[in-house]
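Reviewing the structure listed below.
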Amino acid sequence: MNIQRWISRREPNWQRLDALLRQVEKKGIKSLQAAEIRELASLYRSVAADLARAQTQKVGNTLTQSLQFLTTRAYTQIYQGSRRQEWQAVLEFYSWGLPAVVQQTFLYIAAATATFLLGALIAWWYAWQDPTFISFLAPESLITQVRDDHKLWMGSIVGIEPLASSNITINNLSVSFGAIAGGMTGGIYTTFLLFFNGLLIGALATLVSQNNLAYPFWAFVFPHGSLELPAIFFAGGAGFLLARAILFPGKYRRRDALKFYGSLAVQLLFGIVPMLIIAGTIEGFFSPNPSIPSPLKYLLGMSLFVVLVVYYKRKRG
């Protein structure tokens, strides 16, 4: 092989790759046009082949090291750089994208919240009028424990915190996924889940109030409920988005409506999952802990809720 002729023929590619890499290293991959990105990838493969040939033909340490450095720079920008941009995209979504989606879908989330609260209000009303109503929703063993022993049921979590936390998170995720998927029934199953869970909370809240256990009960609920309940409302809102696409596609074809509203629902899901993981951890380890004073539990719950509201009200300046 005529080394000098080979170098003179291949050198323009090396120089072009070096120029593209300098631009990317200074301004980022987004500074390149689509054709330039394709050219960068093509040149990387070409120069990698040149490096292999240089090593095989033993053209000299200086040239080989230069090509090695060039291919390393290209690899870093093409592969590690793309992963860095993916992480930047995730950070951008959770910093600004998710709050924007919540604001955009607020009416659907509000409808889910209203459905839940309606169930809670109905249960509260009927349970105060007729205490036997609670037995339709809560197990008799739980009712007996509260009425006869004047004890709450959360103490069973103490001692098995890791297992309880994982089970709680899985259960909450299952309810949330069910509420979202329920949108495919035209929102009927979503409505049922929200309304039924509202009935259950309303009945339990009335039961503990009737037996003077409201203060410790809400001290248990507040820390994790400040995240758990909004997450379930978000899931209900996502379900109603899908129901909207099916029942009232508007100016869209139904398939296009499902793509549009389904995209919003998926983005809400990305917010729901971390909220429920955090809530499950708090409910398993913090909320039932008898050594933590109740005022501190109330304070954490209210603080988390305020932080949540402030976060979801963010707008890019």
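The values are calculated or read from the model by the stated rules, or taken from the named source; none is laboratory data. Here the structure is a predicted model, which is why all the values come from computation and not from measurement. Here the Cβ is made from the backbone with ideal geometry for all residues, glycine too, and neighbour counts use every protein chain on show. In case anyone asks, the SASA skips ligands and DNA or RNA and just uses the protein heavy atoms, side chains included. Shrake-Rupley method; radii C 1.70, N 1.55, O 1.52, S 1.80 Å.
Worth a mention:
- The structure shown yields semi-axes √(5λ) of the Cα gyration tensor in Å, and of the options [x] 58, 24, 15; [y] 42, 20, 18; [z] 43, 37, 19 that calculated value carries the label [x].
- Membrane-span-like helices of the chain, defined as complete DSSP H segments with a Cα extent of 20 Å or more along the helix axis and a mean Kyte hydropathy of at least 0.0, are identified as 106-129, 161-181, 188-210, 214-247, 254-285, 294-312.
- Solvent exposure of the chain amounts to 55 Å² per residue of accessible area, where only protein heavy atoms count and the probe is 1.4 Å.
- Dipole of region 201-317 computed with +1 at Lys/Arg Cβ and -1 at Asp/Glu Cβ about the Cα centre; of 247, 206, 220, farthest Cα towards the positive end is 247.
- Heavy-atom surface analysis with a 1.4 Å probe gives the chain a carbon and sulfur content of 63 percent of its accessible area.
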